[in-house]
Amino acid sequence: MAKITTPRPVRGTQDIFGDFERRFTHVAETFERVRRLYCFARVEVPVFESTAVYARSLGETTDVVSKEMYSFEDRGGDSLTLRPEFTAGIARAYLTEGWQQYAPLKLATHGPVFRYERPQKGRYRQFHQIDAEVIGAAEPMADVELLAMADQLLHELGIADGVTLQLNTLGDAETRDAWRAALVEHFMGHRGDLSEDSLKRLDKNPLRILDSKDPRDRPIADSAPGIDAYLTAEAADFFAAVTSGLDAAGVKWTRNDRLVRGLDYYRHTAFEFVTDRLGAQGTVLAGGRYDGLIESLGGPATPGVGWAAGIERLAMLLEEPAVPRAAVCVIPREGEADVPAMTLLQDLRAAGAVADMAYRGNMKRRMAKADTQGASMVALVGADGGVTAKLLATGRQIDIAAEDREAFLHAATLYSSGVTDSDVEGDSVLEEMIGEWRDGLWQASDSE
């Protein structure tokens, strides 16, 4: 019989497990907690959309559309695309699902996105993003709130040190048109020295030349006129309101007048949180205001602002997270004890305790598993259902009477929440709970 060859993972994908899974999950859970603090509703949108959703919103000339999208024709002949980002799909849903009635909408989501590009540090062909959007709010305070939310997220993740918020304004439509014309004139004067990619951008997307990484382009881009000379009074006032709002919120920022977004529907605020801890690809979170996006999808003029961040890139900046521990390890003393041990295990979990069961190997191996898991106590269960609790810190063993079972479950939940024996006046959390239970100081409902 021929040997079966195991398929290899697809290039640019990853299997997330162990230490990195804990980092990854910590980013997602922290994002969920912070977005609730800011009253952002969770939204879910499809992993694939009509290709037109992204072609219109991202622009036919962008690298994402022209080189990086995973597009395919389905069996019905429709062109579909795996989402390369979240904003376009959320904007499409805003229109097709009638969410205009709820505007302004504060929305947040996270999940996988797909781009066919060269895999690099922290970036894969299937990677994951967190995303926050405010749709229907034209006021600069929406920009401030989003930036404050991003700043708090980075602080709560413990990675704010060494991360800088770079901020710019792209002005309003009048500002952008005047600045674009000045840039085209400047770049045309250096046409013979530009890179091939910048020559292509000159006709279709000249603003993108400003953030070219090609060394041939840098001197030309650095000497290009800045936007401030072309700002209308209204655009200048908007940017001033954003910066003063950030100051009031305690969010530190620095101006980068070369920070741009190439598409015409981008307006006013553009920003990136950058670090040098990830090498050349140092952006960890980025976004801006896109007041013309909804119109590009056939909707009415609708303001919007949002940001996205790669979960993998944020996770790479985290300190090594603590390994999850089981506060209680249930160990059946013998084979006949498996059934009552399982009953106790489920009672512990139903009470809110983090518990596991060691049922393989001899007693020494089972106790070793409890030790490895960092358990506070072991519950030794006999065939008759009797329970003996062993406190691993001291080695003390306490027989749990049937009438004290509720106190035992409550103590297990306290151990699970991080309470230790040194936090109580008595010999142990378990013994204090049993004493209070017997003295009638709390009822079973108190532990729920």
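Within region 435-444, the residues that satisfy the criterion of being farther than 12 Å from Leu414 by Cβ and either open to solvent by 60 Å² or more (accessible area, probe 1.4 Å) or modelled with pLDDT of 80 or more (or both) are Gly435, Trp437, Arg438, Asp439, Gly440, Leu441, Gln443. Residues that are under 15 Å from Gly288 (Cβ atoms) and among the hydroxyl-bearing types (Ser, Thr, Tyr) were ranked within region 132-179; the one that is farthest from the chain's Cα centre (by Cα) is Thr175. Of all residues in region 154-183, exactly one satisfies the criterion of being crowded, with 16+ Cβ neighbours inside 10 Å and free of Cβ contacts under 8 Å to residues at least 24 places away in the same chain, namely Ala160. Only residues that are β-branched (Val, Ile, Thr) and more than 22 Å from Gly77 (Cβ to Cβ) were counted across region 44-59, and they come to 1.
Screening region 85-97 for residues that are outside any helix (DSSP H, G or I) and at pLDDT 95 or above and picking the one that is nearest to the chain's Cα centre (by Cα) gives Phe86.
So that you can scan it fast, the table gives a plain yes or no per residue for (1) touching a residue at least 60 places away in the same chain (Cβ under 8 Å); (2) in contact with a Cys (Cβ under 8 Å, 6 or more places away or on another chain); (3) not in a helix (DSSP H, G or I):
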site	(1), (2), (3)
Arg208	no, no, no
Pro215	no, no, yes
Pro219	no, no, no
Ala229	no, no, no
Ala240	no, no, no
Thr243	yes, no, no
Asp247	no, no, no
Lys252	yes, no, yes
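Being farther than 21 Å from Val305 by Cβ and in a helix (DSSP H, G or I) is a property that Ile159 lacks. Would region 371-385 turn up any residue that is in contact with a helix residue (DSSP H, G or I) (Cβ under 8 Å, 6 or more places away or on another chain), assigned to a strand (DSSP E or B), touching a residue at least 60 places away in the same chain (Cβ under 8 Å) and under 15 Å from Phe408 (Cβ atoms)? No, because not a single residue in region 371-385 is in contact with a helix residue (DSSP H, G or I) (Cβ under 8 Å, 6 or more places away or on another chain), assigned to a strand (DSSP E or B), touching a residue at least 60 places away in the same chain (Cβ under 8 Å) and under 15 Å from Phe408 (Cβ atoms). Cβ-Cβ distances below 7 Å connect the following pairs, each with a first residue in region 330-354 that is closer than 14 Å to Ala383 by Cα and assigned to a helix (DSSP H, G or I), a second residue that is open to solvent by 60 Å² or more (accessible area, probe 1.4 Å) and among the hydroxyl-bearing types (Ser, Thr, Tyr), and a separation of six or more residues or different chains: Asp338/Tyr359.
When only residues in region 189-229 that are of a type in the set (S, T, N, Q) and surrounded by 15 or more Cβ atoms within 10 Å (Cβ to Cβ) count, which is nearest to Asp177 (Cα to Cα)?
Asn205
The values are calculated or read from the model by the stated rules, or taken from the named source; none is laboratory data. Every value quoted in this text rests on a predicted model; they were computed, and no experiment measured them. When we count neighbours, we look across all protein chains shown, and the Cβ atoms used for this are built from the backbone with ideal geometry, even at glycine. Heavy atoms of the whole protein, side chains included, go into the accessibility calculation; ligands, DNA and RNA do not. Shrake-Rupley method; radii C 1.70, N 1.55, O 1.52, S 1.80 Å.
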